[in-house]
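**Q** One structure coming up, written as structure tokens, with questions to follow.
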Amino acid sequence: MANQQHSQSALRTFFVSGMGTALEFYDFVIYGIAAALVFPQVFFPDLAPLTATLVAFGAFGAGFFARPLGGMVFGHFGDKAGRQKALVITLLLMGFSTLAIGCLPSHESIGAAAPVLLVLLRLIQGFAAGGEWGGAALFGIESAPSGRRGLWGSFTSMGIGIGGILGSAVFAIVSAAFNDDLAGFAWRIPFWLGGVLVLIGLYARLSNPVKKPLERRENTRLPLVAALRSRPREMLLCIGIAFGYVTIAYIGSTFFLAYATQLGYGSTEALLFDVSLSVAIVISAPLFACLSDRLGRRTVMILGSVLMAAGFFAFFALVGLHNLAIACAAYVVVGALMGATQGPIPAFLAEQFPRSMRYSGMSAAYQIGAAFGGGTASSLATAILIATGSPFGVAVYGAAALALVALCSYLLRETAHLSLDTIDSEPDPVLGASPVRSA
């Protein structure tokens, strides 16, 4: 009976945390795919193809710079009013902006207003995504049984991968159905579908029992201010991990997609590669997260960073062979190695902060790093490719980002074997007292 209850609890947690994030990041991912395959023609038709791709990635990156604000706003709201309310609002915002992008007129119809509106809606997407990641991860981590925080925290990482699979699969099906002609009407279909699918995640989150927010009588500081004052070192190192990881994550998704089409692969083949990468992440992320519950977060994060850096250099050589099977295998291997860092990250970052400031601290740190890493990754990788004419420079760029992940992981304390009660009851270095927790 206990095992059955545990299984049901894990399934319910995965549905709220993992699948809710999957539906929200489906919306986020299809924008990246469209930026690589469609938006250069639809919204920037007067530019040369590779330059238009660079500009489209710039618009894609704009959403990342709204993510820190979303992380701070929803982190504060989640720490004060509870996780569920914040997660519902982020989902609604993401659904609205995605549906609106699908209805957006092209440059041919309304001129320069089209890319301006595109960037505005992208900023709303980024704001919503900034609050989503931390809240969804904490739902799993704070519900996890003893010794399973890494695994349950990885439900969010799996959700991101599942969102990638859904987004790539829908675009691949639409691309195949319209004979690779996405620039007309076809590209809008995945966005319309994304707006509707959000309703499923909304149902899951509204039907989940509400947990009482933390009561804080002695400490009335803003949660983010408390995190910055009492744990500045942890904040900085978490930002470094997020910067490095999200850099390689978006090189691995949006840039790899554009690079494959530049090599002569069709858009349907390129989307197949993207699906393969996402499937590998969904499988490997929980495995490495589970391993981090046993061996420790730092060991797995450092090992994963080293392996991923080596994989980056091999990837470009294999994809350059123009063999579909070999290229697909290269994407699978890269995706599996990405899971080595993506799986443990939610728990590793969350465990650096007590509950009273956890949502605010981890969300702000992750989203600031994501803004500067993911917001520039695709554009910088494309610029390096244009400047050098070789993917070797992109591999060096990715390896440098992973070296930062390994260094920051090494400098953070190991938390895998500490209980949340222990972390939550640690004295505040500024106030010199333990935080007050609800019963």
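**Q** Among all residue pairs at least 6 apart or on different chains, which show Cβ distances below 6 Å where the first residue, located in the range 147-163, is more than 17 Å from Tyr366 (Cβ to Cβ) and the second is small (Gly, Ala, Ser) and surrounded by fewer than 24 Cβ atoms within 10 Å (Cβ to Cβ)?
**A** Once the first residue is more than 17 Å from Tyr366 (Cβ to Cβ) and sits in the range 147-163, its partners that are small (Gly, Ala, Ser) and surrounded by fewer than 24 Cβ atoms within 10 Å (Cβ to Cβ) give Trp152/Ala144.
**Q** Being in contact with a Phe, Trp or Tyr (Cβ under 6 Å, 6 or more places away or on another chain) and at pLDDT below 75 is the filter here; which residues of the range 185-209 pass it?
**A** Of everything in the range 185-209, just one residue is in contact with a Phe, Trp or Tyr (Cβ under 6 Å, 6 or more places away or on another chain) and at pLDDT below 75, namely Ala204.
**Q** Which of the residues spanning the range 145-184 are modelled with pLDDT under 85 and charged (D, E, K, R)?
**A** Once the filter is applied, which keeps residues that are modelled with pLDDT under 85 and charged (D, E, K, R), the range 145-184 yields Asp180, Asp181.
**Q** Within the range 384-434, work out how many residues are more than 26 Å from Tyr359 (Cα to Cα), among the hydroxyl-bearing types (Ser, Thr, Tyr) and at pLDDT below 90.
**A** 2
**Q** If you scan the range 164-208, which residues turn out to be outside any helix (DSSP H, G or I) and in contact (Cβ under 8 Å) with a residue 12 or more places away in the chain?
**A** Asp180, Leu182, Ala183, Ala186, Trp187, Asn208
**Q** In this structure, does Ile241 turn out to be farther than 28 Å from Ser9 by Cβ, buried (at least 24 other Cβ atoms within 10 Å of the Cβ), among the hydrophobic types (A, V, I, L, M, F, W, C) and at pLDDT 85 or above?
**A** Against the criterion (farther than 28 Å from Ser9 by Cβ, buried (at least 24 other Cβ atoms within 10 Å of the Cβ), among the hydrophobic types (A, V, I, L, M, F, W, C) and at pLDDT 85 or above), Ile241 qualifies.
**Q** Could you grab me the full set of residues in the range 56-74 that are crowded, with 24+ Cβ neighbours inside 10 Å, small (Gly, Ala, Ser) and modelled with pLDDT of 80 or more?
**A** Hits for the range 56-74 are Gly70, Gly71.
**Q** Hey, among Ser253, Ser230, Ser276, which residue is at pLDDT below 80 and of a type in the set (S, T, N, Q)?
**A** Going through Ser253, Ser230, Ser276 in turn, the sole match is Ser253.
**Q** Considering only residues that are in a helix (DSSP H, G or I), modelled with pLDDT of 80 or more and not small (Gly, Ala, Ser), which ones fall in the range 83-106? Full working, then the answer.
**A** Initial filter on the range 83-106 (in a helix (DSSP H, G or I)): 83-102.
Cutting the leftovers down to modelled with pLDDT of 80 or more gives us 86, 88-102.
Selection gives Val88, Ile89, Thr90, Leu91, Leu92, Leu93, Met94, Phe96, Thr98, Leu99, Ile101.
**Q** A further question on this structure: Considering only the range 124-168, state which residues are in contact with a Gly (Cβ under 8 Å, 6 or more places away or on another chain), surrounded by fewer than 24 Cβ atoms within 10 Å (Cβ to Cβ) and under 18 Å from Ile283 (Cβ atoms).
**A** Ile162
**Q** Moving on to the next point. Can you tell me which condition Leu93 does not meet? The list is (1) within 19 Å of Arg122 (Cβ to Cβ); (2) touching a residue at least 60 places away in the same chain (Cβ under 8 Å), and all the others hold.
**A** Of the numbered conditions (1) within 19 Å of Arg122 (Cβ to Cβ); (2) touching a residue at least 60 places away in the same chain (Cβ under 8 Å), the odd one out for Leu93 is (2).
The values are calculated or read from the model by the stated rules, or taken from the named source; none is laboratory data. Since the model is a prediction, treat every value here as computed from it, not as a measurement. As a convention, Cβ positions derive from the backbone with ideal geometry for all residues, glycine included, and neighbour counts pool all protein chains shown.
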